Amino acid sequence: MARALAWECVIVGSGPAGLSAAVYMGRFRRRTLVLDCGDGRWSYGQVNDNYLGFPSGVSAVRLRDLGRAQAARFGVTFQDAEVTAVREEPDGFRLTTRKGIVRGRTLIWAAGVSDLWPDFARARRLVGRHLFWCIVCDGWRARDRRLVVLGDTDKAARTTLQFLTYTRKVTLVTDRARGRLSSRARAKLEAGGVELVEGRVRRVVASKERIERVDLADGRTLEADILFSLFGSTPRTDLLRGLPVELVPNGHVRIDDQNHTTHPRLFAAGDVTNRHSHQVVTAAHEGAMAAQAANQVLYPPFQRL
């Protein structure tokens, strides 16, 4: 069987980082394939209000559709497929997907992260409407509203204190079975007027328009207008662990200021990197940087001096 023709660049992930990289690679006239499994943060349905150029905001799905159309205009190919394995080859990379084998001379890893959501039933359906996770992106939505924050660490407590910029009606629900707040964090929360509730959310009763109530496992009920989950996320880097690519202790890909990894043909961009800030504008910038770095690798000898 003939060996499959390698793409000049394979991009894994079609969020803002991957799509930004795709637009640049297409304009560089590189044969580029974008692979996406369909469950990135773009799929949550939330509206981005802080991305420049959209005065009324733009939904993550709409921004993704616009990015795909823009990249396709420059000849980029898309395939909705989950990558299950990545292997280094002498002339690039071999990626196994659920739809077959893909080969690429360069690889841009923009696979993002997997968010850790609360474990109550149908929590995922509330995301982007009543349940959020990023204070920078959506803290503004909490202004003067009854806010319930879910988190079990001092890091979560710190972010909870920062919500006081937007509202003074703040409750932090913490589950001692998952983590324990330090005495210093508890004192700061008390001093800031944050109500601290120890327990676990069992159910959130909500309509499309608003939250009706938050039920705890012990029978108590909380009133809330908006929820924030501060359980964090994990980077999607497990498939890179068999490659000579350095990951930082929390699993993110280490990159330099031009989005090179420690592998000369592998680049990374967006939330998956150790420089991530979980912002659309940052992801788009990193995607552009990764594409420019990958493009340099692809120049043949006669175009080098």
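Miscellaneous remarks
- Filter result (at negative phi and either among the charged types (D, E, K, R) or loosely packed, with under 13 Cβ neighbours inside 10 Å (or both)) within the stretch 93-127: R94, R98, K99, I101, R103, R105, D115, D119, A121, R124, R125
- Residues that are surrounded by 24 or more Cβ atoms within 10 Å (Cβ to Cβ), within 11 Å of the chain's Cα centre (by Cα) and among the aliphatic types (A, V, I, L, M) within the stretch 273-298 comprise just one, A283.
- Of all residues in the stretch 190-206 being in contact with a helix residue (DSSP H, G or I) (Cβ under 8 Å, 6 or more places away or on another chain) and either among the β-branched types (V, I, T) or crowded, with 21+ Cβ neighbours inside 10 Å (or both), the one that is nearest to W133 (Cα to Cα): V204
- Residue list for the stretch 223-240, restricted to those being in contact (Cβ under 8 Å) with a residue 40 or more places away in the chain, part of a helix (DSSP H, G or I) and open to solvent by 20 Å² or more (accessible area, probe 1.4 Å): L239
- Matching residues, the stretch 17-49, being at pLDDT below 95 and part of a helix (DSSP H, G or I): R41, W42, S43, Y44
- Residue pairs whose Cβ atoms lie under 8 Å apart, separated by 6 or more positions or on different chains, with the first residue in the stretch 114-126 and under 18 Å from A217 (Cβ atoms) and assigned to a helix (DSSP H, G or I) and the second of a type in the set (F, W, Y) and open to solvent by less than 40 Å² (accessible area, probe 1.4 Å), do not occur.
- Some residue of the stretch 148-166 being within 21 Å of A123 (Cα to Cα) and of a type in the set (F, W, Y): no
- Condition check for A187: open to solvent by 40 Å² or more (accessible area, probe 1.4 Å), of a type in the set (A, V, I, L, M), out of contact with any Asp or Glu (no Cβ under 6 Å at 6 or more places or on another chain) and not in a loop (DSSP other than H, G, I, E, B): yes
- Number of the condition not met by T159 [criteria: (1) in contact with an Asp or Glu (Cβ under 6 Å, 6 or more places away or on another chain); (2) open to solvent by 10 Å² or more (accessible area, probe 1.4 Å)]: (1)
- Hits in the stretch 248-272 (condition: touching a residue at least 60 places away in the same chain (Cβ under 8 Å), farther than 22 Å from E89 by Cα and open to solvent by 10 Å² or more (accessible area, probe 1.4 Å)): D271
- Residues that are of a type in the set (D, E) and over 17 Å from L52 (Cβ atoms), drawn from the stretch 270-290: D271
- Selection within the stretch 50-92 - aliphatic (A, V, I, L, M), part of a loop (DSSP other than H, G, I, E, B) and either in contact with a strand residue (DSSP E or B) (Cβ under 7 Å, 6 or more places away or on another chain) or surrounded by 15 or more Cβ atoms within 10 Å (Cβ to Cβ) (or both): V76, A81
- Members of the stretch 128-156 that are part of a helix (DSSP H, G or I) and either crowded, with 20+ Cβ neighbours inside 10 Å or under 18 Å from the mean Cα position of the chain (by Cα) (or both): I135, V136, C137, D138, G139, A142, A156
- Each residue in the stretch 162-184 was checked for being in contact with a Lys or Arg (Cβ under 8 Å, 6 or more places away or on another chain), open to solvent by less than 20 Å² (accessible area, probe 1.4 Å) and assigned to a loop (DSSP other than H, G, I, E, B), and 1 pass.
The values are calculated or read from the model by the stated rules, or taken from the named source; none is laboratory data. Note that the coordinates shown come from a computational prediction; the quantities given were computed from them, not determined experimentally. Virtual Cβ from ideal backbone geometry, glycine too; neighbours counted across all protein chains shown. Remember, those area values only see protein heavy atoms, side chains included, never the ligands or the DNA or RNA. Shrake-Rupley method; radii C 1.70, N 1.55, O 1.52, S 1.80 Å.
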